[in-house]
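K.L.:
Just dropping this structure here.
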Amino acid sequence: MPLNKEVTRFLDELHHPLREEIEALRLIILEASALLEENIKWNGPNYSVGAEDRITMKIQPPKQIQLVFHRGAKVKEQPKERLVEDASGLLAWRENDRAIASFKDKEAVEAGREALPAIVRAWIAATIETA
């Protein structure tokens, strides 16, 4: 899936110190699922399935990049169990339907490169079912 030119332009104007990490994460996410569309939301790259936001990249403050896995902006009833399994330990859970993966540098992105695509695919599958 090609990168969204508007997102690239937005990032070009930021001059973010972790731009390489942002670009690597953008590619990993978009290559993981053809269902995802990239846009800008909450001042960072955002990934949605149709009109439903699923993963938002938090890039401010510019000390780390966080991928926020969620089911959209509207509050929904909490599932009884976490939406996906994460044997890698990459996800920090906030609720059973909200998790965060944090990346402080290139090494952290590389360390998550293998597990992240499977997490993205599982998240999309789980949140489409529970939407």
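K.L.:
If a residue must be open to solvent by less than 20 Å² (accessible area, probe 1.4 Å) and without any contact (Cβ under 8 Å) to a residue 24 or more places away in the chain, how many such residues does the range 58-71 contain?
P.N.:
Let us first name the residues in the range 58-71 that are open to solvent by less than 20 Å² (accessible area, probe 1.4 Å), namely 59, 65, 67-71.
Remaining after also requiring without any contact (Cβ under 8 Å) to a residue 24 or more places away in the chain: none.
Residues flagged as open to solvent by less than 20 Å² (accessible area, probe 1.4 Å) and without any contact (Cβ under 8 Å) to a residue 24 or more places away in the chain within the range 58-71 amount to 0.
K.L.:
Could you check how many residues of the range 23-53 are of a type in the set (Val, Ile, Thr) and touching a strand residue (DSSP E or B) at 6+ places or on another chain (Cβ under 6 Å)?
P.N.:
1
K.L.:
Can you confirm whether the range 94-112 contains a residue that is part of a loop (DSSP other than H, G, I, E, B) and on the phi > 0 side of the Ramachandran plot? First the steps, then the outcome.
P.N.:
Of the residues in the range 94-112, the ones part of a loop (DSSP other than H, G, I, E, B) are 96-97, 104-105.
Cutting the leftovers down to on the phi > 0 side of the Ramachandran plot gives us none.
No, the conditions are met nowhere in the range 94-112.
K.L.:
I would also like to ask the following. Do we find a residue being under 18 Å from residue 7 (Cβ atoms) and of a type outside the set (A, V, I, L, M) anywhere in the range 103-118?
P.N.:
Yes, the range 103-118 contains at least one residue that is under 18 Å from residue 7 (Cβ atoms) and of a type outside the set (A, V, I, L, M).
K.L.:
Give the number of residues within the range 1-35 that are within 16 Å of residue 62 (Cα to Cα) and open to solvent by 70 Å² or more (accessible area, probe 1.4 Å).
P.N.:
5
The values are calculated or read from the model by the stated rules, or taken from the named source; none is laboratory data. These numbers come from a predicted model, not from an experiment. In this analysis, Cβ positions are derived from the backbone assuming ideal geometry, glycine residues included, and neighbour counts consider all displayed protein chains. Protein only, heavy atoms only, side chains kept; ligands, DNA and RNA dropped before computing areas. Shrake-Rupley method; radii C 1.70, N 1.55, O 1.52, S 1.80 Å.
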